[in-house]
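Read the structure below first, then the notes.
The values are calculated or read from the model by the stated rules, or taken from the named source; none is laboratory data. In this text the structure is predicted, and so the values were computed from the model without any measurement. So basically every Cβ, Gly included, is an ideal-geometry build from the backbone, and we count neighbours across all protein chains shown.
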Amino acid sequence: MRWKKKDLEMFFQSKEFIDTLCIPLIPLDLQTESEAIKLADQNTSLQIISDELERNYTGRIMLSPAYTYIRSTNYESESAILNQWTSMLSYDHFKHIFLLTYDVNWKKHERLLDSNLIWLTATTIDDYQTDQTKKWINEQVTQISELIRSFW
Amino acid sequence: MSEKKQQVSRRQFLNYSLTGVGGFMAASMLAPMVRFAIDPVLQAAGGEDMHAVVDVSEITEEPQRFDWTVEQVDAWYTSDVTHSAWVYKDENDEIVALSPTCKHLGCAVNWAGNPDYPDQFFCPCHDGRYYKNGLNVPDTPPNAALDLFEFEVKDGTLYLGNVKENPVQEGGA
């Protein structure tokens, strides 16, 4: 399920089956060109991974629009806002909430978070159409879904 | 002499030319309307959106999942959408291409996804199951069989098109 009219209509009809929420965490940083480009590229690949995850588990996972933040943030206060986000969204709908991120700072502050953090190591992808990239993305999706399924 | 020359009177001439011009104008208005009205018919006659998916030689009796990407143009933006299909040859050597979309809530099903049922499709979301021909196993969440893809084989390559309802009624491996 996605944050789309058609999907939400279905969601409210079959709420009891959709018990998992996934939120991609997307950092922004415009201070240097190279960092900005790197983060934008990570944004693309994280979106692809979450899209694939949603495509495979449409009937049980709700993919939230990405949580976007400034990377030089104070992660303690950011965690508080994020917790507020997840507690509002989970309000008697979702039993499992997963945060997907490439940002290692979240891993360092994991204990402050109320939801399950899935931290992925980032790689730079030049061409999303190659077979190797597709294989890599498939592999990532398989491993993440294996982890998520262990919570079900 | 002058009698013979005036076979067409002025009145007749005007009548003819008015009918002619009027008819031409009516036709030029009606022709596009007719074209619009029967447009769906013409569309269906033309080639469908078939996509090359896999070499026929790769298809086995064991269902395999094949992915392909389609460029989808929505009103506002163009995006690449990935589709998947489970393809196998049945006992009559006929190709079967099943849609992986579970009829319950739309998750993707996997062949032999549950080790307890190695000869069935399994939906990991809510334990829905389907027989090999796509029919839903009774008493599991789905209430319809997996959809079939329209397909054609051209030059040894399998092309898949739109999904259609699966007519199977009886289960079986």
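Restricting the range B:130-140 to residues that are under 25 Å from the mean Cα position of the chain (by Cα) and of a type outside the set (D, E, K, R), the residue that is farthest from the other protein chains (Cβ to nearest Cβ) is B:N133.
For the residues A:T101, A:T68, the requirement of being surrounded by 16 or more Cβ atoms within 10 Å (Cβ to Cβ) and touching a strand residue (DSSP E or B) at 6+ places or on another chain (Cβ under 6 Å) singles out A:T101.
Of the residues making up the range B:114-129, those that are in contact with a Lys or Arg (Cβ under 9 Å, 6 or more places away or on another chain) and within 14 Å of chain A (Cβ to nearest Cβ) are B:N114, B:F121, B:F122, B:C123, B:P124, B:C125, B:H126, B:G128.
Filtered by the rule that a residue be more than 14 Å from chain A (Cβ to nearest Cβ) and under 27 Å from A:S50 (Cα atoms), the range B:78-110 gives B:T78, B:V87, B:A97, B:L98. Could you grab me the full set of residues in the range A:120-152 that are away from chain B (no Cβ under 11 Å) and touching a Lys or Arg at 6+ places or on another chain (Cβ under 9 Å)? Listed by number, the residues that qualify are A:A122, A:T124, A:F151.
With respect to the stated conditions, B:E170 is over 24 Å from B:V53 (Cβ atoms), surrounded by fewer than 18 Cβ atoms within 10 Å (Cβ to Cβ) and not basic (K, R).
Against the definition (at pLDDT 85 or above and not in a strand (DSSP E or B)), how does B:S84 come out, yes or no? Here the answer is no, as B:S84 does not meet what is asked. Checked across the range B:95-109, the condition of being more than 18 Å from B:G161 (Cα to Cα), of a type in the set (S, T, N, Q), outside any strand (DSSP E or B) and assigned by TED's automatic domain parsing to the domain that holds B:L160 holds for no residue. Scanning the range A:80-104 for residues that are more than 15 Å from A:S64 (Cα to Cα) and either among the hydrophobic types (A, V, I, L, M, F, W, C) or under 15 Å from the mean Cα position of the chain (by Cα) (or both) returns A:A80, A:I81, A:Y102, A:D103, A:V104.
Of the helices (runs of 4 or more DSSP H) lying entirely inside the range A:1-112, those containing at least 1 residues that are hydroxyl-bearing (S, T, Y) and in contact (Cβ under 8 Å) with a residue 24 or more places away in the chain span A:33-56, A:75-90. Against the conditions (1) in contact (Cβ under 8 Å) with a residue 40 or more places away in the chain; (2) assigned to a loop (DSSP other than H, G, I, E, B); (3) aliphatic (A, V, I, L, M), B:A75 satisfies every one except (1).
So is A:Q42 within 30 Å of B:W86 (Cβ to Cβ) and either surrounded by 14 or more Cβ atoms within 10 Å (Cβ to Cβ) or within 14 Å of another protein chain (Cβ to nearest Cβ) (or both) or not? Criteria not met by A:Q42. Take the conditions (1) closer than 20 Å to B:S84 by Cβ; (2) surrounded by fewer than 16 Cβ atoms within 10 Å (Cβ to Cβ); (3) of a type in the set (S, T, N, Q); (4) within 14 Å of chain A (Cβ to nearest Cβ); B:N143 misses just one of them, which is (1). Do we find that A:T86 is within 30 Å of B:W68 (Cβ to Cβ) and either surrounded by 11 or more Cβ atoms within 10 Å (Cβ to Cβ) or not polar (S, T, N, Q) (or both) in this structure? So A:T86 fails the test.
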